[in-house]
Amino acid sequence: MNNKLKEYFKNFKTAIVALSGGADSSAVLKLATDYLGKENVLAATCVNFNMFVYEINFAYKVADLLNVAWKPFYAKLANELFTDDRDKCFYCKKNILGELVKIKKEFGIDVIFDGSNIDDLADYRPGMKAIEMFNIKSPLLENELGKEYVSEVIKDSVLNTLSFHTQSCIATRVKTKNATVEDIRKIELAEDMLRDKFPDIRVRYFGDSLKVEFKRDRIVDEVDRRFIFEILEKNFDEKVKIII
């Protein structure tokens with residue numbers, strides 16, 4: 001066991017882990033069960049419609065593998081989700097964490113953990129402000145641990161049977177001022193149909209156009225282009241311009 005983490009977790013007896021289904025929060029859930037005991041940990045996942053359904057199901061699978069109680073919950077939707085607000089993640093996370101605080105009080109739990117880590121500091125993450133606002137604890141970040149350590153935790157646990165494809169929520173794909181619930185659902189359906197072949201795909205919606213992006217540099221040949229175009233044209237009835 002990591003002695004520094006062992007001392008850190010001694011400060012808590014019970015915990016909620018905000019489990020998104022991504023690698024970082026899954027690693028924190030594993031650490032919390034190791035140091036506090038699985039009976040003292042609750043995994044909680046927001047199931048609002050702006051979360052990918054496959055990630056919600058994945059979060060349940062993680063909790064089940066670790067034999068930890070899992071609680072799905074809803075939070076008030078932020079209006080900013082439907083706009084191109086640069087800080088939409090703050091407003092969304094503020095509502096989600098506010099709901100988690102209510103759950104924490106209801107169950108009499110000591111602390112809420114999230115999966116923020118030291119590598120996150122390299123990006124602009126408006127949601128970090130909400131984490132500070134609600135005094136959410138970040139075991140990885142506070143112990144200066146990053147993605148490399150997350151990979152080690154997963155590799156050395158029962159979670160090593162899973163393939164993690166971390167996604168930001170669907171609302172981050174919205175790049176227009178007046179998106180609708182239907183627009184967000186179309187984005188999810190399109191990405192779901194493309195994800196098996198392109199695990200790192202992102203479909204950005206600008207209202208009158210769609211821009212396809214990938215987290216890593218990728219050469220898209222003509223066959224792939226036609227496949228992507230067919231999926232997007234099937235899901236978006238509007239005559240939107242498609243850019244790859």
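The values are calculated or read from the model by the stated rules, or taken from the named source; none is laboratory data. For clarity, every value in this text was computed on a predicted model and none was experimentally measured. No Cβ is skipped: glycine too gets one built from the backbone with ideal geometry, and neighbour counts run over all protein chains shown. SASA here: full protein model, heavy atoms, side chains in, ligands and nucleic acids out. Shrake-Rupley method; radii C 1.70, N 1.55, O 1.52, S 1.80 Å.
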Worksheet item: What ³J(HN,Hα) values, in whole Hz, does the Karplus curve 6.51 cos²θ - 1.76 cosθ + 1.60 give for the range 50-61 when θ = phi - 60°, with x put for Gly and Pro?
Response: 7, 8, 4, 4, 5, 6, 4, 5, 5, 4, 4, 4
Worksheet, complete the sentence: Taking a crude spin-label model, label points 7 Å out from Cα along the C-beta direction, the residue 180 to residue 2 distance in nm is 4.7 nm
Worksheet item: When only Cα pairs under 8 Å and 6 or more residues apart are kept, what is the percent relative contact order across the range 99-244?
Response: 16 percent
Worksheet item: Can you run phi through the Karplus equation (6.51, -1.76, 1.60; θ = phi - 60°) for the range 218-235 and list ³J(HN,Hα) in whole Hz, with x for Gly and Pro?
Response: 9, 8, 9, 7, 5, 5, 5, 4, 5, 4, 4, 4, 4, 5, 5, 5, 5, 8
Worksheet item: Which cross-chain or sequence-distant (5 or more) residues have an amide H under 5 Å from the amide H of residue 42, H modelled 1.01 Å from N in plane?
Response: 15, 16, 17
Worksheet item: Using 0.36 nm per residue, how much length does the chain from residue 220 to residue 144 gain when fully extended, once their Cα-Cα distance is taken away?
Response: 23.6 nm
Practice prompt. Name the residues whose placed amide hydrogens come within less than 5 Å of the amide hydrogen of residue 2, ignoring near sequence neighbours (fewer than 5 apart) on the same chain.
Written response: none
Discussion item. Just want the answer: with Cβ charges of +1 for Lys and Arg and -1 for Asp and Glu, which residue in 103, 157, 131 is farthest toward the dipole's positive end in the chain?
Written reply: 103
Worksheet item: Roughly speaking, what is the centre-to-centre gap between the range 31-94 and the range 192-236 when only Cα atoms are used, to the nearest Å?
Response: 26 Å
Worksheet entry | Lys/Arg +1, Asp/Glu -1 at C-beta; the range 169-236 dipole; positive extreme among 190, 201, 174 | 174
Item to complete: Please work out the ratio of the alpha-carbon Rg of the range 86-205 to 2.2 N^0.38 Å and round it to two decimals.
Response: 1.23
Worksheet entry | Excluding exposed DSSP-loop trypsin sites (Lys or Arg not before Pro) (at most 14 other C-beta within 10 Å), longest clean stretch of the chain | 87-176
Worksheet item: From the backbone phi of the range 12-22, what are the Karplus-calculated ³J(HN,Hα) couplings (6.51 cos²θ - 1.76 cosθ + 1.60, θ = phi - 60°) in whole Hz, Gly and Pro given as x?
Response: 9, 10, 9, 8, 9, 10, 6, 9, 8, x, x
Worksheet item: Accessible area per residue of the chain at 1.4 Å probe, in Å²?
Response: 52 Å²
Worksheet item: Hey, got the dipole for the range 97-244? About the Cα centre, +1 on K and R Cβ, -1 on D and E Cβ, debye to the nearest 20?
Response: 460 debye
Discussion item. If the only charges are +1 at each Lys and Arg Cβ and -1 at each Asp and Glu Cβ, what is the size of the charge dipole of the range 180-244 around the Cα centre, to the nearest 20 debye?
Written reply: 180 debye
Worksheet entry | Spatially proximal lysines relative to residue 94 (Cα-Cα < 23 Å; intrachain offsets below 8 disregarded) | 71, 76, 102, 104, 105, 129, 137, 175, 177
Discussion item. Under a Cβ-only charge scheme (Lys and Arg +1, Asp and Glu -1), can you give me the dipole magnitude of the range 9-146 about the Cα centre, in debye to the nearest 20?
Written reply: 480 debye
Worksheet entry | Projected area averaged over orientations for the chain, convex hull of C-alpha atoms, nm² | 13.1 nm²
Worksheet item: For residue 233 and residue 57, what is the calculated FRET efficiency with R₀ set at 35 Å and r taken between the beta-carbons, to the nearest 0.05?
Response: 0.80
